[in-house]
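Structure first, then comments.
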Amino acid sequence: MDKKNSYVNLLFSQSQTPVDLDSPEPFWFGIQDPDESVIESVIESGVKERRKWSPKEDKILIGAWLNTSKDAVVSNEQKAGAFWKRIVEYYNASPHLVGTISREVGQCKQRWARINEQVSKFVGFYDAALREQRSGQNDDDVMKAALDYFYNDHGYKFTLEHAWRELRHDQKWCSTYLANHGGKEKRKHVVDVI
């Protein structure tokens, strides 16, 4: 006797209904009615469908975070809950997101944490690529080298280049390496003697 069938027969030995394992129809247990939809119960229980973040949504979230964190009126006189509530309100009020489902505080905080972490790591690799930039290499060559460094170190590609481009000129994420400004100037300044 086949082990799979004997196990099923053991489980349902007290049931009057035989179970066909090859049937595409689900088997309904005990008090569960075939008219009830499992999908509906999942939706009713509050579990939501996972939505990916688009580059456009990332840019709006970055703008919301930057505007809220640099607000001169409120400054740093706000608690984390109020801070993130303001960010989410700003994000959801964006005219670029009309017709989309609004995001919640937890979703925005989680996405921001990912953006911040990944962009901060990438800034280090971009600085390293800038330091190793040779004569004749342009910005595209530096970017390619930085992406290669990131991949070699982490084992996956950096996918938040759009976020880095939005944040790269902000003080927190700007490059610490000043290209072509580290050496001495060849000309001396003339001091007028009166």
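Among E40, E89, E57, which is the only one that is modelled with pLDDT under 90 and either loosely packed, with under 12 Cβ neighbours inside 10 Å or under 30 Å from E117 (Cα atoms) (or both)? Step through it out loud before you land on a result.
Numbers: E89 fails: modelled with pLDDT under 90; E57 fails: modelled with pLDDT under 90.
Among E40, E89, E57, only E40 is modelled with pLDDT under 90 and either loosely packed, with under 12 Cβ neighbours inside 10 Å or under 30 Å from E117 (Cα atoms) (or both).
Going residue by residue through the stretch 141-153, is there one that turns out to be at pLDDT below 95, surrounded by 12 or more Cβ atoms within 10 Å (Cβ to Cβ) and touching a Cys at 6+ places or on another chain (Cβ under 8 Å)?
no
Among the numbered criteria (1) surrounded by 16 or more Cβ atoms within 10 Å (Cβ to Cβ); (2) over 24 Å from C174 (Cβ atoms); (3) of a type in the set (A, V, I, L, M), which single criterion is violated by A80?
A80 satisfies all of (1) surrounded by 16 or more Cβ atoms within 10 Å (Cβ to Cβ); (2) over 24 Å from C174 (Cβ atoms); (3) of a type in the set (A, V, I, L, M) except (1).
If you take the residues in the stretch 60-86 that are in a helix (DSSP H, G or I) and over 22 Å from W164 (Cβ atoms), which one is modelled with the lowest pLDDT? Steps first, answer last, please.
Of the stretch 60-86, the ones in a helix (DSSP H, G or I) are 60-69, 80-86.
Now restrict to residues that are over 22 Å from W164 (Cβ atoms): 80-86.
Working: A80: 80, G81: 84, A82: 85, F83: 87, W84: 90, K85: 91, R86: 90.
Filtering the stretch 60-86 for residues that are in a helix (DSSP H, G or I) and over 22 Å from W164 (Cβ atoms), the one modelled with the lowest pLDDT comes out as A80.
I'd like the full set of residues that are open to solvent by 30 Å² or more (accessible area, probe 1.4 Å), among the hydrophobic types (A, V, I, L, M, F, W, C) and touching a helix residue (DSSP H, G or I) at 6+ places or on another chain (Cβ under 6 Å), limited to the stretch 92-121.
V105, the sole residue that qualifies.
Could you check K121 against (1) touching a residue at least 24 places away in the same chain (Cβ under 8 Å); (2) of a type in the set (D, E, K, R); (3) within 16 Å of S54 (Cα to Cα) and say which number it fails?
(3)
When the residues of the stretch 103-140 are narrowed to those that are among the hydroxyl-bearing types (S, T, Y) and either touching a Leu at 6+ places or on another chain (Cβ under 9 Å) or modelled with pLDDT of 90 or more (or both), which ends up farthest from R86 (Cα to Cα)? First the steps, then the outcome.
Within the stretch 103-140, the subset among the hydroxyl-bearing types (S, T, Y) is 120, 126, 135.
If we keep only those that are either touching a Leu at 6+ places or on another chain (Cβ under 9 Å) or modelled with pLDDT of 90 or more (or both) as well, we get 120, 126.
Details: S120: 23, Y126: 32 Å.
The residue in question is Y126.
Restricting to the stretch 154-171, name every residue that is open to solvent by less than 60 Å² (accessible area, probe 1.4 Å) and farther than 20 Å from K59 by Cβ.
H154, G155, listed by residue number.
The values are calculated or read from the model by the stated rules, or taken from the named source; none is laboratory data. Just so it is clear, the model here is predicted, and its values are computed rather than measured. Backbone-built Cβ (ideal geometry, glycine too); neighbour counts: all protein chains shown. Keep in mind that these areas ignore ligands, DNA and RNA; they rest on the heavy atoms of the full protein, side chains included. Shrake-Rupley method; radii C 1.70, N 1.55, O 1.52, S 1.80 Å.
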